Amino acid sequence: MIDSQKLIDAINCSCKLLLGQSFALTKQGQSNNIRLYRINGTSEALNRFDNPADIVKVLKWFNDFWLFLEIKFIIEEKKVVNKPIKETHICLSLSVFQGEDLDNKKYQLFRAEWDDYNNTEEKHSQPHWHITSNQALEKTFENYSELDNNGFISLLEEERTKVFDVKRIHFAMNGNWQNNESHIHKMENEQQIVNWFQGMLSHLRIELDSQ
């Protein structure tokens, strides 16, 4: 079983080498069954293009890229042979944003997630990517539609609806289909998760820096 505090401490220690000494996950909220940790950011960003929007604090990474990290521990009570037990599920989410320092609302480019609900019927790949870079275009489109008096935006609206929206798709990150194995990878221990974060950050840095 993964120890929640050991995991937070391990990530805070290891990621300072990649993200600087100001990096820290701190507890943002707690209820009877949920403990939420988020990164200590310095600027605002639009995390989810919902209504109402989820505004979060992001940490400067390099160039005009920013990071947001959230870890949620969900405690579920079950009965096994009429004996109550508690099971902790972990949801990890790492987002990359783009925007200038003075931008009030930076936009999410993509999000990496790994959720472990111990569900044998899980249909979504774990871990997975969400591609959300279209959010900036969506917001621009909405802003112009409010100002459009000639109906030009309404003409574009029909074409926009023909384009498949991919942001809700769970794109597999580590599907092992070539070995006839599952698209689900469970979280086995704290170090495994730390390795995942470190490898992903190093990989993303190389890819973003080469653009």
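Observations on the model:
- Ranked list, fewest to most other Cβ atoms within 10 Å of each Cβ, for Ser125, Ser95: Ser125, Ser95
- Amide H contacts of Ile184 (H built 1.01 Å from N, in plane; Pro and chain starts excluded): Gln126 sit under 5 Å, all sequence-distant by 5 or more or on other chains.
- Lys, Arg +1 and Asp, Glu -1 on Cβ, resulting dipole of region 33-127 about Cα centre, debye, nearest 20: 380 debye
- Taking other C-beta atoms within 10 angstrom as a stand-in for reagent exposure, Ile184, Ile206 fall in the order Ile206, Ile184, fewest first.
- Note that region 53-65 has calculated 3J(HN,Hα) couplings of 6, 9, 9, 10, 9, 10, 10, 5, 9, 7, 6, 10, 9 Hz, one per residue in order, obtained from phi through the Karplus relation 6.51 cos²θ - 1.76 cosθ + 1.60 (θ = phi - 60°); glycine and proline are x.
- For the residue pairs Lys83/Lys186; Lys27/Lys83; Lys79/Lys123; Lys123/Lys186; Lys57/Lys123, the C-alpha atoms sit more than 23 angstrom apart in Lys83/Lys186; Lys27/Lys83; Lys79/Lys123; Lys57/Lys123.
- Net charge, Cys91 excluded, C-beta distance under 9 Å - Lys, Arg +1, Asp, Glu -1: -3
- Global form of region 1-56, assessed from the alpha-carbon gyration tensor, a/c cut-off 1.5: oblate
- Under the simplified labelling scheme, the Lys6-Tyr117 pair shows an inter-label distance of 2.7 nm, with each label point 7 Å from Cα along Cα→Cβ.
- Between the C-alpha center of region 34-75 and that of region 102-134 there is a gap of 12 Å.
- Electrostatic bookkeeping for Arg35 treats Lys and Arg as +1 and Asp and Glu as -1; over the other residues with beta carbon under 10 Å from its beta carbon, the sum is +2.
- Estimated FRET transfer efficiency when R0 is 35 angstrom, pair Asn179-Val80 (beta carbons, to 0.05): 0.65
- Note, ³J(HN,Hα) from phi for region 15-23, Karplus 6.51, -1.76, 1.60, rounded to Hz, x at Gly and Pro: 7, 4, 5, 9, 10, x, 5, 7, 5
No lab work stands behind these numbers, since they all come straight from the coordinates. Only a predicted model underlies this, so the values are computations on that prediction, with no experimental measurement involved. Positions of Cβ are generated from backbone atoms using ideal geometry, with glycine treated the same way; all protein chains shown enter the neighbour counts.
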